[in-house]
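Inspection log for the structure reproduced underneath, given as structure tokens.
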Amino acid sequence: MANEATFTRETPGYQPVRYYNVKQGKPHQWEENGLTVTRTRAWTAPGCHEGCGVLVYADKEGNFVKIEGDSENPFNQGRLCPRCLCVDEVINHPDRIAHPMKRAKKERGNADAWERCSWDEALRICHDEFQKIIENHGGDTIHCWRGTGRDIIWCVGRLAATMGSPQEYTPFSGMSCYVPRLSQMIMTLGGQITADFAAQFPDRYDNPSYEIPNCVVLWGANIFNSNSEFQLCGWITDLMKRGTKIITVDPRLTWIASRSIVHLPIRPGTDCALALAIVKVLIDEDLYDHDYVEEWVHGFEDIKKAADEWTLERAAEVCWLENPKIIRKAAHVLAERKPASVLWGVSVDMQAAGVRAAMAIQAIYALTGNIDIPGGMHFTQGPGNVQTQMSGGWGLYELLDEEQQAKRCGLEKYPMYRFGFTFAQSDEALAAAETGKLKGLWIQSSNALCGGQEPERWHKVMVDTEFNAAVDLFMTPTIQAAADVFLPVSCWPERMSLRAQYYGLETINPAVKVRGEAKSDAEICRLLGRMFNKEAWPWETEEEIYDTILKSSGFTFAELQENGSAYQVYEYGKRFDGSLRRDGSTSGFGTPTGKIELRSSLFEQFGYSPVPYYTEPFMGPVTEPELYKQYPLILMTGARNGVFFHSEFRNVERMRQFNQDPIAEIHPKTAADYGLEDGDWAWLENPYGKIRQRVSCTESMKEGTVLVQHAWWFPEQDGSEPNLYGVWKANANSLIPNRPSEFGFGADIKSVLCKIYKANEGGI
Ligand SMILES: Nc1nc2c(c(=O)[nH]1)N[C@H]1C(S)=C(S)[C@@H](COP(=O)(O)OP(=O)(O)OC[C@H]3O[C@@H](n4cnc5c(=O)[nH]c(N)nc54)[C@H](O)[C@@H]3O)O[C@H]1N2
Ligand SMILES: Nc1nc2c(c(=O)[nH]1)N[C@H]1C(S)=C(S)[C@@H](COP(=O)(O)OP(=O)(O)OC[C@H]3O[C@@H](n4cnc5c(=O)[nH]c(N)nc54)[C@H](O)[C@@H]3O)O[C@H]1N2
Ligand SMILES: [Mo]
């Protein structure tokens, strides 16, 4: 697949980047049996993180005919998931909005008040209304919301900055998706690591420098439903066939847990305690890698001390593990089966103790010498500067003066937000909104009433602003409640874009005709951005934007499009070549000591504990014993299922048929304790709220816990206020507060308390 020769792209002003040139057999588009076949990547919209390689077949009129996985693409190697296979239902959905619409502000919440308008008018309204807010209240009172992992983070951030606003964020507590893990990696390693599944090599597991991991720990990541961290589930089974053994840390007995050599079904939110207990076994039983620790680890004595109280018995008691010895077994397997890696998921982030849990988990890999080695935890490396630009931050510092930058919500309270992060802190943004500092909203790929905690609070602030505009495919509860202008966005098979994930650089190519007047996110931001500031948006076409973003790679968009995939040459052992250092040193990790810091200089500098320590979930059996008597279940939320992507796909029949109702999973014994049977409708309640979901009894659940699905709304129901497509009826987030950790990263989103009881009325 890969050409043998690699080549170097040199662009003035940038480090030379060497690429494997993964030339593919055919150009990006060709004719076959009267159909046009386009090689492209499935990113978003509709939402997804991955960017799998696909072939889209269209007829002469440009209508979608079929989709296939691209077997020449090294990332997914022809595999596809059901959400790709139903993308035509999204494109052609009767409810999809394909023309701009407007509504008078007093009609917010009225589904019948929308009227179609031209793009010119819609954009003019957006410009004039936001301009008024900028003049009267300052740009920082315009908050810009965007959702997860889409190809648009850069353009939302840039548009925000163009309007003078540093408030770009995802409205959910503690920015609890990936950034808690990332923040601690940046502080203690100076870079970003992930489990090495050979994704950086076009020839994958056969690459001569790769080693098959002997052990992979799936820690709070159910990759078979989520493809967590841009890693595909099929890679786990690929590796298992090559000998990899799996350890699973998950309260539930998931499919992969049942095929693991160790399964640790811990109480939700106790991961930090478990990790510290494993650290203690590694040290006390002398299972750690002495040479590696000697040379590359700072703070051994400190972590030893931090872990010292975490005996097997103590950890088993805190984590609700019946058999303390399985913790010891996990430590032994990890130490003995090198190379080993961890794929950690969002469940690690969604704890107020999440940053500290991630520190403790990372310590396990440092002590066993598994960081920066083939098949272990390896440093990801974005394709040159391209990934950095795609993932935002390209605007904040360039377009805002210091005074305006300093108004970013959360900077004062949470100093780590200054350290490489460019988004605002969501809880502080909500607090600002509640004190009248929110005057306008730009909603681009966010359905905050479904994804954000305490949606009632978000609702209150969003309906009170002076002007709101939204960019989406469909009308959502959030947009129906609050927006004055709706701008219709194109789907990935209709639009051009770039895919720049950890390693590969690829174009996303238009494959079918665009529905109605929809436009891509980048184009919408370009058009509106230019109305405010042409210098900040100098591009005459969308393609010119991508040429600029691609500059550091040396490719133009057109060249990359015909090239196929470009993979950056990957070399292991980054600690030996100085590439992790910012101070010119020729070796070491990117930290003040040049070592992996198990005692973190930067945490200490920011006023935090330099070593991890465990804290209980704020509302749990230990912290709130009285409340626990009243609310005797631990409430887990939002474990991914294969057919939905957050609030999306509820209106896509081919997906909804697999999951008609919001489902609350519970162990049959726990269900029986509360008089519940499989299929019953039940109320779930705690001091924050009360919702209804349908009970599904399964022995895969841990007793004493219940798992509710998140992000439900009912597109088939009345959209007007107060029903808003039934968004309040089954909303997991009505039971969870906005309550971030001391870092401003992470919040207890999967471990609060609740009670459950049978609902007399069925349906929803
Ligand atoms: N189909 C689909 N795929 C998705 C998404 C989607 O909505 N749909 N969302 C995407 C997004 S934005 C993200 S962030 C990722 C997240 O995907 P993952 O990182 O896999 O996260 P979850 O599915 O939320 O949880 C993973 C597992 O953690 C377990 N768990 C719950 N609480 C705890 C705990 O306290 N500790 C531990 N150790 N485990 C716990 C759950 O039982 C679950 O099996 O998925 C992405 N992929
Ligand atoms: N209780 C609980 N709450 C959670 C979670 C949990 O596990 N438990 N998970 C959280 C996590 S990890 C995350 S990341 C957030 C996710 O939250 P969000 O990313 O806000 O996800 P959605 O609710 O699906 O909202 C996305 C909206 O964008 C639209 N859209 C999709 N693709 C595009 C696109 O390319 N362009 C535009 N303009 N629009 C698009 C969709 O139609 C949809 O209306 O939710 C969080 N909420
Ligand atoms: Mo996420």
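The values are calculated or read from the model by the stated rules, or taken from the named source; none is laboratory data. Quick caveat, the model's predicted, so the values are computed rather than measured. In this analysis, Cβ positions are derived from the backbone assuming ideal geometry, glycine residues included, and neighbour counts consider all displayed protein chains.
Can you find a residue that is away from ligand 3 (no atom under 16 Å from the Cβ) and under 30 Å from R259 (Cβ atoms) anywhere in the range 149-160? No, the range 149-160 contains no residue that is away from ligand 3 (no atom under 16 Å from the Cβ) and under 30 Å from R259 (Cβ atoms). Could you please let me know if F423 is of a type outside the set (A, V, I, L, M), touching a strand residue (DSSP E or B) at 6+ places or on another chain (Cβ under 6 Å) and surrounded by fewer than 24 Cβ atoms within 10 Å (Cβ to Cβ)? Spelling it out, it is not the case that F423 is of a type outside the set (A, V, I, L, M), touching a strand residue (DSSP E or B) at 6+ places or on another chain (Cβ under 6 Å) and surrounded by fewer than 24 Cβ atoms within 10 Å (Cβ to Cβ). Residues considered: R116, R150. Of these, the only one that is basic (K, R), within 16 Å of ligand 1 (Cβ to nearest atom) and closer than 30 Å to R656 by Cα is R150. When you check E517 against the structure, is it farther than 21 Å from I153 by Cβ, surrounded by fewer than 24 Cβ atoms within 10 Å (Cβ to Cβ) and under 26 Å from the mean Cα position of the chain (by Cα), yes or no? Here the answer is no, as E517 does not meet what is asked.
Collect the residues in the range 163-186 that are within 16 Å of ligand 2 (Cβ to nearest atom), in contact with a strand residue (DSSP E or B) (Cβ under 9 Å, 6 or more places away or on another chain) and of a type in the set (G, A, S), keeping them in residue-number order. Those that are within 16 Å of ligand 2 (Cβ to nearest atom), in contact with a strand residue (DSSP E or B) (Cβ under 9 Å, 6 or more places away or on another chain) and of a type in the set (G, A, S): S173, G174, S176. A count restricted to the range 318-368 and to residues that are touching a strand residue (DSSP E or B) at 6+ places or on another chain (Cβ under 7 Å), within 19 Å of A257 (Cα to Cα), part of a helix (DSSP H, G or I) and among the small types (G, A, S) stands at 1. Return yes or no: is W154 of a type in the set (F, W, Y), within 16 Å of ligand 2 (Cβ to nearest atom) and farther than 20 Å from I479 by Cβ? So W154 fits the description; yes.
Scanning the range 241-255 for residues that are surrounded by 15 or more Cβ atoms within 10 Å (Cβ to Cβ) and of a type outside the set (D, E) yields T244, K245, I246, I247, T248, V249, P251, R252, L253, T254. Might you check whether a residue that is without any contact (Cβ under 8 Å) to a residue 24 or more places away in the chain, farther than 26 Å from Q200 by Cα, away from ligand 1 (no atom under 16 Å from the Cβ) and basic (K, R) occurs anywhere in the range 533-541? Yes, the range 533-541 has at least one match. Among the residues of the range 225-245, those that are among the hydrophobic types (A, V, I, L, M, F, W, C), within 20 Å of R181 (Cβ to Cβ) and not in a loop (DSSP other than H, G, I, E, B) comprise F230, C233, W235, I236. Condition check: over 27 Å from the mean Cα position of the chain (by Cα) and either modelled with pLDDT of 95 or more or not small (G, A, S) (or both). Does K534 satisfy that? Here the answer is yes, as K534 does meet what is asked. The residues listed here are E434, E403; of these, the one that is over 15 Å from G138 (Cβ atoms) and of a type outside the set (F, W, Y) is E434. Can you name every residue in the range 567-593 that is in contact (Cβ under 8 Å) with a residue 60 or more places away in the chain, touching a Ser or Thr at 6+ places or on another chain (Cβ under 7 Å) and of a type outside the set (K, R)? The answer is V569, Y572, T591, T593. Pull up the range 191-224, narrow it to residues that are over 23 Å from the mean Cα position of the chain (by Cα) and part of a helix (DSSP H, G or I), then point me to the one that is nearest to ligand 2 (Cβ to nearest atom). Applying the filter and picking the extreme gives R204. Applying the condition of being buried (at least 21 other Cβ atoms within 10 Å of the Cβ) and of a type in the set (A, V, I, L, M, F, W, C) to the range 134-151 and asking which residue is nearest to ligand 2 (Cβ to nearest atom) yields W145. Within the range 646-659, being within 16 Å of ligand 3 (Cβ to nearest atom) and surrounded by fewer than 22 Cβ atoms within 10 Å (Cβ to Cβ) holds for one residue alone: H646. Evaluated against (1) in contact with a Ser or Thr (Cβ under 8 Å, 6 or more places away or on another chain); (2) crowded, with 19+ Cβ neighbours inside 10 Å, E703 falls short on exactly one condition, (2). Just wondering, is there one or more residues in the range 712-721 that are among the aromatic types (F, W, Y), at positive phi and outside any strand (DSSP E or B)? For the range 712-721, residues among the aromatic types (F, W, Y), at positive phi and outside any strand (DSSP E or B): absent. Taking every residue in the range 697-712 that is acidic (D, E) and pairing it with any residue that is surrounded by fewer than 19 Cβ atoms within 10 Å (Cβ to Cβ), at least 6 positions away or on another chain, the pairs with Cβ-Cβ distances below 6 Å are E703/K669. Summed over the range 46-88, the residues that are among the small types (G, A, S) and either closer than 20 Å to F557 by Cβ or part of a strand (DSSP E or B) (or both) give a count of 4.
Say we look at the range 256-296 and pick out the residues that are away from ligand 1 (no atom under 16 Å from the Cβ) and either part of a loop (DSSP other than H, G, I, E, B) or of a type in the set (S, T, Y) (or both); which of these is surrounded by the fewest Cβ atoms within 10 Å (Cβ to Cβ)? Among residues in the range 256-296 that are away from ligand 1 (no atom under 16 Å from the Cβ) and either part of a loop (DSSP other than H, G, I, E, B) or of a type in the set (S, T, Y) (or both), the one surrounded by the fewest Cβ atoms within 10 Å (Cβ to Cβ) is D286.
The single condition from (1) within 16 Å of ligand 3 (Cβ to nearest atom); (2) in contact with a Gly (Cβ under 9 Å, 6 or more places away or on another chain); (3) farther than 24 Å from K534 by Cβ that T194 fails is (2). Going by what's in this entry, would T670 be described as in contact with a Leu (Cβ under 9 Å, 6 or more places away or on another chain) and closer than 30 Å to V87 by Cα? No; evaluated as a whole, the condition is false for this residue.
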